[in-house]
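A quick write-up on the structure given underneath.
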Amino acid sequence: MARAGRPRSFLVWLLVVLASLGVLASTVALWARAQVLDTDEWTELADRIIREPEVVDTLSDRLSIAIVEGLEVEERVRAALAGAEQLPAQATLLAAPFTSRIQDSLRQHIADFLRSEEGRSLWSQVNRAVHQRVVALLRGETGPGVNVEDGMVTLNAIPLINRGLARSEELISDILGRPVTLPNTQEIEASGGLEEAREILEERLGLALPDDFGQVRVFNAERLGAAQEALGFLDRFVVVVVVVTIVLFAAALAMSVDRRRTLIRLAIGVVVGALVGRLATRLIQESIVDIAAARARGAVTEVVGNVFSGLMYFTTILLVVGIVVGLAAYLAGRPAWLDRLRERLRTGGAGSWVRAHVDGLRLAGVVVVLAALLLVDLSLTGVIVVLVLLGAYELGVSSLAGLRSASADVPD
């Protein structure tokens, strides 16, 4: 009999291990799918990122450099100094310091704009629009603003860029040395294509823009098919791994001769998987930060932390659920120490006292939890933990209230 039970016991253990791995794989797959394809999730992430000071500083620095180079500011300053007859020829040496000052001023303007509610709103709108177009492209829907030229799939970002430039007309006018009135959003969006939009912007700025101005490179056209196949695989994988994990859980419990013990093992597997997932996530974050340029490391740290915050949140939920389910299954087995504790409480008359004050104790638990929820800024995970503790407390009070003291059991 013992030998006959060994294959079944081994199969149950195998199902427990596979189910635990399935939970971890399902969590990562669901997080990745939501992070990559959910526009609302992406926009919320973008909004969190732009509120990080390190990100604003790095982004404003990069944008100021791009604008200074794109508008050829140093060349314009050098030409202006060389053309001033009252200045010596050596005055052209001041072009670099002047350009640096202009860039610093531009960087500050951009940083102030990105810190404003208007700037954050624009940032979110830009990210939402671009994300929707990228996802549509991955789904095989080439809509407005998507171009395939010279083997490269690009997005027409000029309408978005124009909206940002329109809020800096005064600064752009100072850089170009003449009044500039940028086109409105409707005029750009109604232009019909990338080249037409660029021509309108060139006319208003009074200068020639690079041919790739306003193009956001998304994919090499040759690799677009592979990316679309990868997305299709992710969609299928999420469904399959979730269904298989549920089946593995059910099979492990169905095959087990001691379902309570198997449930405890499953809970432990979930907790271990969540801990492994959290450790792996931290190692990945550290690896990404380590390879980042020193100048941008602070911003990369904030971005990576925000990107992986969802995965850390999901693994925290797994930890809480695994611990609660495992502990409940363990206590349901009435361990000896729990019986001894109940006996001591019974003989000590604790049950009678709790029974006499049960309503007040229950109300006190609710009041404490409401105070914690109102006075402390808890995350969703924190709220779940507090509610679980409240449930455990109420069950404990009910259990103690049901105990009868030894004296109460003796008949008069």
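Taken together, the residues in segment 35-72 that are in a helix (DSSP H, G or I), of a type in the set (Lys, Arg) and more than 27 Å from Ala95 (Cα to Cα) amount to 1.
Condition (residue is among the aliphatic types (A, V, I, L, M), surrounded by fewer than 16 Cβ atoms within 10 Å (Cβ to Cβ), over 19 Å from Gly322 (Cβ atoms) and modelled with pLDDT of 85 or more) applied to segment 1-13: is it met by at least one residue? Yes. Here Arg297, Arg259, Arg236, Arg282 are screened, and the one residue that is surrounded by fewer than 18 Cβ atoms within 10 Å (Cβ to Cβ), without any contact (Cβ under 8 Å) to a residue 12 or more places away in the chain and within 16 Å of the chain's Cα centre (by Cα) is Arg282.
Results for (1) surrounded by 13 or more Cβ atoms within 10 Å (Cβ to Cβ); (2) in contact with a strand residue (DSSP E or B) (Cβ under 6 Å, 6 or more places away or on another chain); (3) at pLDDT below 70, shown as yes or no for each residue.
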position: Leu341; (1), (2), (3): no, no, no
position: Gly351; (1), (2), (3): yes, no, yes
position: Ala364; (1), (2), (3): yes, no, no
position: Val369; (1), (2), (3): yes, no, no
position: Asp377; (1), (2), (3): no, no, yes
position: Val385; (1), (2), (3): yes, no, no
position: Leu389; (1), (2), (3): yes, no, no
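Checking each residue in segment 106-118 for being closer than 21 Å to Glu44 by Cβ and surrounded by fewer than 19 Cβ atoms within 10 Å (Cβ to Cβ) picks out Arg115, Ser116, Glu117, Glu118.
The values are calculated or read from the model by the stated rules, or taken from the named source; none is laboratory data. Bear in mind that the values here come from a model prediction, so they are computed numbers and not experimental data. Here the Cβ is made from the backbone with ideal geometry for all residues, glycine too, and neighbour counts use every protein chain on show.
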